[in-house]
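Just below is one structure, and these are the notes that go with it.
The values are calculated or read from the model by the stated rules, or taken from the named source; none is laboratory data. Because the structure is predicted, anything quoted here is derived from the model rather than measured. With ideal geometry, Cβ positions are generated from the backbone for all residues, glycine too; neighbour counts draw on all protein chains shown. Ligands, DNA and RNA are excluded from the accessible area calculation, which covers all protein heavy atoms including side chains. Shrake-Rupley method; radii C 1.70, N 1.55, O 1.52, S 1.80 Å.
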2 protein chains.
Amino acid sequence: MADPAATGAGGEAAAAGSAGLAGLSLGHGFSSYRPFEPQEAGLQVLAEPSPSLPALGIGMDSCVIPLRHGGLSLVQTTDFFYPLVDDPYMMGRIACANVLSDLYAMGITECDNMLMLLSVSQSMTEEEREKVTPLLVRGFRDAAEDGGTAVTGGQTVVNPWVIVGGVATVVCQPNEFIMPDSAVVGDVLVLTKPLGTQVAVNAHQWLDNPEKWNKIKMVVSREEVELAYREAMFNMATLNRTAAGLMHTFNAHAATDITGFGILGHAQNLAKQQRNEVSFVIHNLPIIAKMAAISKASGRFGLLQGTSAETSGGLLICLPREQAARFCSEIKSSKYGEGHQAWIVGIVEKGNRMARIIDKPRVIEVLPRGTTATALPPDHPNASSEPSS
Amino acid sequence: MADPAATGAGGEAAAAGSAGLAGLSLGHGFSSYRPFEPQEAGLQVLAEPSPSLPALGIGMDSCVIPLRHGGLSLVQTTDFFYPLVDDPYMMGRIACANVLSDLYAMGITECDNMLMLLSVSQSMTEEEREKVTPLLVRGFRDAAEDGGTAVTGGQTVVNPWVIVGGVATVVCQPNEFIMPDSAVVGDVLVLTKPLGTQVAVNAHQWLDNPEKWNKIKMVVSREEVELAYREAMFNMATLNRTAAGLMHTFNAHAATDITGFGILGHAQNLAKQQRNEVSFVIHNLPIIAKMAAISKASGRFGLLQGTSAETSGGLLICLPREQAARFCSEIKSSKYGEGHQAWIVGIVEKGNRMARIIDKPRVIEVLPRGTTATALPPDHPNASSEPSS
């Protein structure tokens, strides 16, 4: 989600820093790699009108720059944020998956180059730096390799907080990317990861914060939080590359990825870019099990309103109606590896390029992998359960 | 200088943060946009061996990635650091000039896309953010425009410190870039900006620090520090684009830009990459007037040893001997605008790919623009003076 922030469509700032992630401690015997608490940051500082902005760059997940060389386009995105899980290796993977996701949202499956952006924390000891940093780098590199690319450069600084991010770049022929502007009435909206990542991350922190834990302990057990946290971590680290490839197979008309604005914010952003007079209506919310209940009990997040920030979320894809079910079935195939899922979450109607969630959306409680349906009975009145993969 | 940090050739970290730049205050009525003091940071965290690193990426200012499309290469660099001048607009310009400089060091004069990386400080008031941030962005954008490119995206976060930087990307045909590996014995080394930028920036801060000022007040006046600071600021904000273009005109064999490692560090890095058995010997040090004296009096920096960090410094270019004087003359031509200079600083000898500075280098005291030679008599025994364009 680099470019909405930069080109006037939104000004998204580091989603990971928005929800009270202070004092993360590592599970490996060192103290902390993110000792401060960033503030909510809905910045629009790059949003000033600029005559030099190409229209193609506005509102999309990646910028698309026509090149001087026959028919090729440069597609590029950047993103960086603060750690939000306490496993540095997984954090590196998540940061890389999050950057690549902006390419995948355009149906791009290749990446020609990846740069890594990194800061180590000045409040870490030398020993902590030497343990944490190589793990962050390794996770980032491994995810890049899974994406078929390599990290060839970057920049490292010292900062009060750890920062991790990157820049993904590809040079494409026109048939390699899908402009996110061609939804038609009758299309169906598909989502490829469950919502609730940041709720899970926060709830996991609250395990050590009695005041906050007391607000949610009536609706969730410690074990359920641990499972949801692990599920969120794995989902955030999963590349949207398979989904990007299937966008071509099933003739996708438009897509975006779900990050800091939540599903509703990104759906609205995508709706604004459509060439046809359409609107998006979301009926179903696939959510990591119990996270809807935590969102309600805590009075924060707005998960059921679609405004809860996600990190490295799934793709929201407009597909022809007859293709959507086949997409959801195909992505679960074992040939793509484990853990891929997709749900039909809404429809494309005639309208004024808006997006909304219906009054009482159906919450699909997505069970963490490794659990069974009976272990986590849904408690939401509209809830139904599906095992995760 | 993105890639030495990332690919094992050096691990340069934010040069701007290395020399005590705490407590910078803005001249426009708001308090501070860089309230903390970063530590020295010679990080090599990305230096772990990786089989996936292309050889072309190692040790160069930009990475060069062969593309799948006939003969084209992707050339890309990133850099970000902390503010070091108290004018946010100029700081934006400097950050952009600094990023582009890595392309210019390869003789590349075009840039297809620029992304901006930015953080605002959480310790700023909302009013300060609203004043400072648009100026940073505007300066960055204006410099990008001078470079013939546009800022199409980026990422913004909240952080304890202000961060500003970017990503420059271009897709090139082979004749558009000059690989920095072809120096031959008999070549001459040319430098396109005077040294001493960080000394000037620090000395300017010491005007408000009696303890530090007392160490240098015997060798420099407050007025001279103010002039040097302004000169450094303008030099750092000057694009190396003209020099990049002239590298082609005058058949340059190799080049790099001078940043965090100082002229000696970057000369050594460049020497290591040469295909021929050559070494670089530096005889002359063009230095902003009085900065050599401050470096000696303060006992810091190592400016005369070539180890003082620079920010957005000049290009160090290996040119055929017969072309070097013509290069230095041509770059001063008014057709390229004001403020461009170049000096012959050394020679290429037969050797083992090392670089050194001779025992008593000639210090060329470069007078700030707007001063006359008599206003700033050189005090270094080996010094000579040249007015700055």
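Scanning the range A:295-322 for residues that are basic (Lys, Arg) and more than 25 Å from residue A:212 (Cα to Cα) yields a single hit, A:321. The selection criterion, being outside the structural domain of residue A:207 (by the TED database), over 19 Å from the mean Cα position of the chain (by Cα), within 25 Å of residue A:336 (Cβ to Cβ) and open to solvent by less than 10 Å² (accessible area, probe 1.4 Å), holds for residue A:113. Name every residue in the range A:85-94 that is surrounded by 24 or more Cβ atoms within 10 Å (Cβ to Cβ) and more than 13 Å from chain B (Cβ to nearest Cβ), in order of residue number. Answer for the range A:85-94, where residues must be surrounded by 24 or more Cβ atoms within 10 Å (Cβ to Cβ) and more than 13 Å from chain B (Cβ to nearest Cβ): A:85, A:91, A:93, A:94. Scanning the range A:124-157 for residues that are over 20 Å from residue A:233 (Cα atoms) and either among the hydroxyl-bearing types (Ser, Thr, Tyr) or touching a strand residue (DSSP E or B) at 6+ places or on another chain (Cβ under 6 Å) (or both) turns up A:125, A:129, A:149, A:151, A:152, A:153, A:154, A:155, A:156, A:157. If only residues of the range A:55-75 that are facing chain B (nearest Cβ under 7 Å) and in contact with a helix residue (DSSP H, G or I) (Cβ under 9 Å, 6 or more places away or on another chain) are counted, the one that is modelled with the lowest pLDDT is A:57.
Any residue at all in the range A:218-239 that is in a helix (DSSP H, G or I) and over 19 Å from residue A:294 (Cβ atoms)? Yes: the range A:218-239 contains one or more residues that are in a helix (DSSP H, G or I) and over 19 Å from residue A:294 (Cβ atoms). Taking the criterion of being open to solvent by less than 10 Å² (accessible area, probe 1.4 Å), touching a Gly at 6+ places or on another chain (Cβ under 7 Å) and in a helix (DSSP H, G or I), the only residue of the range A:270-291 that qualifies is A:291.
Scan the range A:192-216 for residues that are under 16 Å from residue A:261 (Cα atoms) and not aliphatic (A, V, I, L, M) and jot them down. The answer is A:193, A:194, A:196, A:197, A:198. Checking each residue in the range A:146-170 for being more than 20 Å from the chain's Cα centre (by Cα), open to solvent by less than 10 Å² (accessible area, probe 1.4 Å) and not β-branched (Val, Ile, Thr) picks out A:153, A:154, A:155, A:159, A:160, A:161. What about residue B:190, is it surrounded by fewer than 17 Cβ atoms within 10 Å (Cβ to Cβ), in contact (Cβ under 8 Å) with a residue 12 or more places away in the chain and touching a strand residue (DSSP E or B) at 6+ places or on another chain (Cβ under 6 Å)? In short, no.
Here is a yes/no grid of residues against (1) touching a helix residue (DSSP H, G or I) at 6+ places or on another chain (Cβ under 6 Å); (2) closer than 24 Å to residue B:241 by Cα:
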residue: B:153; (1), (2): yes, yes
residue: B:156; (1), (2): yes, no
residue: B:159; (1), (2): no, no
residue: B:172; (1), (2): no, yes
residue: B:199; (1), (2): yes, no
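Considering the conditions (1) in a loop (DSSP other than H, G, I, E, B); (2) at pLDDT 50 or above, residue A:46 is excluded by exactly one of them, (2). Residue count for the range A:321-364 satisfying the condition of being at pLDDT 95 or above, in a helix (DSSP H, G or I) and not charged (D, E, K, R): 6. Are any of the residues in the range A:92-107 at pLDDT 95 or above, farther than 23 Å from residue B:64 by Cα, among the β-branched types (Val, Ile, Thr) and not assigned by the TED database to the domain that holds residue A:239? Yes: one or more hits. Applying a threshold of 6 Å to beta carbon distances and a minimum spacing of six or more residues, or different chains, the list of pairs starting in the range B:211-222 at a residue that is surrounded by 15 or more Cβ atoms within 10 Å (Cβ to Cβ) and ending at one that is charged (D, E, K, R) reads B:220/B:290. Counting only strands (runs of 3 or more DSSP E) that sit wholly inside the range B:95-182, those with at least 2 residues that are more than 7 Å from chain A (Cβ to nearest Cβ) are B:113-121, B:163-172. If you go through the range B:240-264 and keep only what is open to solvent by less than 20 Å² (accessible area, probe 1.4 Å) and in a helix (DSSP H, G or I), you end up with B:243, B:244, B:246, B:247, B:262, B:263.
Inside the range A:314-335, residues that are in contact (Cβ under 8 Å) with a residue 12 or more places away in the chain and within 19 Å of residue A:178 (Cβ to Cβ) make up a count of 15. Among the residues of the range A:292-320, those that are crowded, with 24+ Cβ neighbours inside 10 Å and part of a loop (DSSP other than H, G, I, E, B) comprise A:303, A:308, A:309, A:310, A:311, A:312, A:313, A:314.
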